[in-house]
Amino acid sequence: MFIAISAVILVAIAIGLLRAFLGPTLYDRVLAANMSGTLTVLMVAVLGFMTGRPEFLDIALVYVLISFVSTIAVLRVCGTGCGASRDPEADSGEG
Amino acid sequence: METVIYILSWIFLLGGAIFLLVGAIGILRFPDFYTRLHAVSVCDTMGAGLVLAGLMLQGGFSLVTVKLLLIFYFMIFTGPTAVHALAQAALQGKLKPVVDEHEQQ
Amino acid sequence: MSGLLGLYNYWIVIILMMTGFYAVIARPNLIKQIIGLFIFQTSVFILFISMANIEGGTAPIIKEGIRLYSNPLPHVLILTAIVVSLATTALGLALVVRIKEAYGTINEDNIHVQDEED
Amino acid sequence: MEILIDTILLVLLMITGFSIVRMRSLLAATMLTSIYSLLSASLFVVLDAVDVALTEAAIGAGISTILLLATIALTTDREKPPQRTPMLPLIVVIITGMALIYGTLDMPHFGNPQAPVHLHVAPAYLHDTPGEIGIPNVVTSVLASYRGYDTLGELAVIFTAGAGVLTLLGYRTRGGNSMDPGIRKLLILRVIGKLFFPLILLFALYVQFHGDYGPGGGFQAGVIFATGFILYALAFGLGNAQRLIPHQLLRIMVAFGMLLYIGVGIESMLLGGKFLEYNVLADDPVSGQHLGIILIELGVGITVASVMLMIYYVFRSRQPEGDL
């Protein structure tokens, strides 16, 4: 059963990745990265239960904090300046 | 009693999985950035919350439950903050929302 | 694990390694090269950790009732290697910032052109 | 079951790797690098390397993404299309890849317990750790005790890299304690930052001192510490963070961690043992080992945290005033 849950999470991560590839703006990519972070946390938690050693939840805790800090960092370090422009190659599908 | 908790935990886990999937489809299918924010919130709150609740029931009352609660607590604060900061940055970056053309006229 | 699936991990690692290698040698942008180096490094980490894995083993934290553990030695090597990789990446990025200040560009081709002009 | 997740994660990693190379916007590539790092960290969890997963998540997805972003903010976001034809590099890459794949054909298969790696040294570590060191986490015992010399070397590398970054970029003090207008708008971020800052530090302490019993240790804790202060700097401005932990203090701490490590080694020599032989530190060898490992991990944590934070300060203090 845990395998079903982790399969769903993997599918969701794959869809999030697709959004990160497609863009089209930087914000969409940050959003996708943020969602992948959440999903990775859940997957690590589920994996811990699946392998029968749920004490590894510390890792999931670190992931929550780190993905939050890095999301904030994108917005603060780059400011509004560098995110405003649409990446031109994302629209043309060049990637 | 044990079977009830067991079944309940699986209901939570499956429900959470459904919410996660719905959120993921949303982030792919919604037309613009601002609508996609909503899809992510579904993942962050209901999806994550239900999966963690299901795991808590599986883990029983132990240190594991405390850690899961902590994860849930962190998530419930970090998710909306990150999304709010993102939305504000997007607004300041002059990202126009997609609006229905009929309503605009 | 037998047959071709037994080598699958290594092959993907090699593909990742070559992806990073390609970015390092084919892309003129210095930041892109550092990102390529990052991919390369991570693939090496995955190679080591794959080798450490034992079928049916668990994480090497000793607990009653568990008999088979994965090999802890590669974990130790990679754990420190990750931190060192960050330190070296930071050094590389610092160099990139200095190059930008000195040349006004981080494109390798333009830097070569400027060097020849001097 | 785990092999299935392993397979899927590797495929996702491969796709991410390809698209990172293809992206022309460096910011987009950085975001994908962060996802790549998270994916590889979950792969490490699947492959039972929990300590490594903790480190990779904190470093790859956290600090190295932040440093890349800081560099992009100082340089440029656009990558010009390459002028050279990519044919030659492509051929080189394909030939090298083929040679490496040919090399793997002789390798023991994935998960094979009879592989040469598993036959030497590692069984001894796993067998002797409970008796000799007395802590459950074998990774920590190997890191801090059996291979303490290696770790000292790694720490020296980090120390040198920190010194190198400082030499290359120099350090500029930020005047004033004012918050820039960008932060003033982010009220929610400031409130959450204030709430989370102590929690992250507390968690870092837990990782630091619980490293003997679960995943964790000095390296991970140091990085988490630095991340906590980076969050503070992001939410309240660099000037305020530097008033909290001044740069001069950081420089001292960088050296202090190293000295603590070496000091433990010298102390054990003075007590009649060999360099970094912890058995002599206390009456009973096992508690000597405990004491030695805790001190060493503390040294590692202090140096790693201060080097990471110093690198962040140095990069960010180069940002033009008002742009922060």
Test: C:ILE54 is more than 7 Å from chain D (Cβ to nearest Cβ), aliphatic (A, V, I, L, M), free of Cβ contacts under 8 Å to residues at least 24 places away in the same chain and touching a helix residue (DSSP H, G or I) at 6+ places or on another chain (Cβ under 9 Å): no
Subset of region C:55-71 that is surrounded by fewer than 23 Cβ atoms within 10 Å (Cβ to Cβ) and of a type in the set (Ser, Thr, Tyr) - its residue that is nearest to D:ILE133 (Cα to Cα): C:TYR69
Filter result for D:ARG78 (of a type outside the set (Ser, Thr, Tyr), surrounded by 11 or more Cβ atoms within 10 Å (Cβ to Cβ), modelled with pLDDT under 85 and over 20 Å from C:MET18 (Cα atoms)): yes
Among the candidates D:LEU68, D:LEU74, residue that is in contact (Cβ under 8 Å) with a residue 24 or more places away in the chain and within 25 Å of C:LEU47 (Cβ to Cβ): D:LEU68
Any hit, region D:274-283, residues being under 28 Å from D:PRO130 (Cα atoms) and either β-branched (Val, Ile, Thr) or buried (at least 24 other Cβ atoms within 10 Å of the Cβ) (or both): yes
Test: A:MET43 is crowded, with 24+ Cβ neighbours inside 10 Å and either without any contact (Cβ under 8 Å) to a residue 12 or more places away in the chain or facing chain B (nearest Cβ under 7 Å) (or both): no
Any pair with Cβ under 8 angstrom, 6 or more apart, that starts in region D:280-293 at a residue that is on the phi < 0 side of the Ramachandran plot and in the same structural domain as D:ILE262 (by TED's automatic domain parsing) and ends at one that is surrounded by 14 or more Cβ atoms within 10 Å (Cβ to Cβ) and of a type in the set (D, E, K, R): D:LEU281/D:GLU267; D:PRO285/D:GLU132; D:VAL286/D:GLU132; D:GLN289/D:GLU132; D:HIS290/D:ASP212; D:ILE293/D:ASP212
Members of region A:23-34 that are more than 7 Å from chain D (Cβ to nearest Cβ) and farther than 18 Å from A:LEU61 by Cβ: A:PRO24, A:THR25, A:TYR27, A:ASP28, A:LEU31, A:ALA32
Residue in region D:126-134 that is of a type outside the set (A, V, I, L, M) and in contact with an Asp or Glu (Cβ under 8 Å, 6 or more places away or on another chain) present: no
Among the candidates C:ALA81, C:ALA52, C:ALA90, residue that is surrounded by fewer than 23 Cβ atoms within 10 Å (Cβ to Cβ) and either modelled with pLDDT of 85 or more or closer than 30 Å to D:ALA70 by Cα (or both): C:ALA81
Meets criteria (farther than 25 Å from D:TYR149 by Cβ and not in a helix (DSSP H, G or I)) for D:GLN319: yes
Residue in region A:48-66 that is surrounded by fewer than 24 Cβ atoms within 10 Å (Cβ to Cβ), within 7 Å of chain B (Cβ to nearest Cβ) and not in a helix (DSSP H, G or I) present: no
B:ARG36 being of a type in the set (D, E, K, R), more than 9 Å from every other protein chain (Cβ to nearest Cβ) and either over 24 Å from B:ALA87 (Cβ atoms) or out of contact with any Ser or Thr (no Cβ under 6 Å at 6 or more places or on another chain) (or both): no
Some residue of region D:255-266 being assigned by TED's automatic domain parsing to the domain that holds D:VAL223, under 30 Å from A:ILE72 (Cα atoms) and either in contact (Cβ under 8 Å) with a residue 40 or more places away in the chain or in a loop (DSSP other than H, G, I, E, B) (or both): yes
Condition check for D:ILE293: buried (at least 23 other Cβ atoms within 10 Å of the Cβ), farther than 15 Å from D:PHE159 by Cα, aliphatic (A, V, I, L, M) and touching a Ser or Thr at 6+ places or on another chain (Cβ under 8 Å): yes
Listing of helices (runs of 4 or more DSSP H) fully contained in region D:99-144 that carry 2 or more residues being touching a residue at least 12 places away in the same chain (Cβ under 8 Å) and over 18 Å from C:GLY56 (Cβ atoms): D:138-141
Matching residues in region C:75-118 - criterion: being over 17 Å from C:ILE31 (Cβ atoms) and either within 7 Å of chain D (Cβ to nearest Cβ) or under 16 Å from the mean Cα position of the chain (by Cα) (or both): C:HIS75, C:VAL76, C:LEU77, C:ILE78, C:LEU79, C:THR80, C:ALA81, C:ILE82, C:VAL83, C:VAL84, C:ALA87
First in region D:198-209 and touching a residue at least 12 places away in the same chain (Cβ under 8 Å) and assigned by TED's automatic domain parsing to the domain that holds D:ALA233, second anywhere and surrounded by 15 or more Cβ atoms within 10 Å (Cβ to Cβ) and among the charged types (D, E, K, R), Cβ under 7 Å, 6 or more apart: D:VAL207/A:ASP58; D:GLN208/D:GLU297
Residues within region D:228-251 that are outside any helix (DSSP H, G or I) and modelled with pLDDT of 85 or more, tallied: 2
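Conditions tested, residue by residue: (1) buried (at least 20 other Cβ atoms within 10 Å of the Cβ); (2) in a helix (DSSP H, G or I); (3) facing another protein chain (nearest Cβ under 7 Å).
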residue	(1), (2), (3)
C:ASN9	yes, yes, yes
C:ILE31	yes, yes, yes
C:ILE34	yes, yes, no
C:VAL44	no, yes, no
C:LEU73	yes, yes, yes
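The values are calculated or read from the model by the stated rules, or taken from the named source; none is laboratory data. All values derive from a computational prediction rather than experimental measurement. FYI the Cβ positions are ideal-geometry reconstructions off the backbone, even for glycines, and counts take in every protein chain you see.
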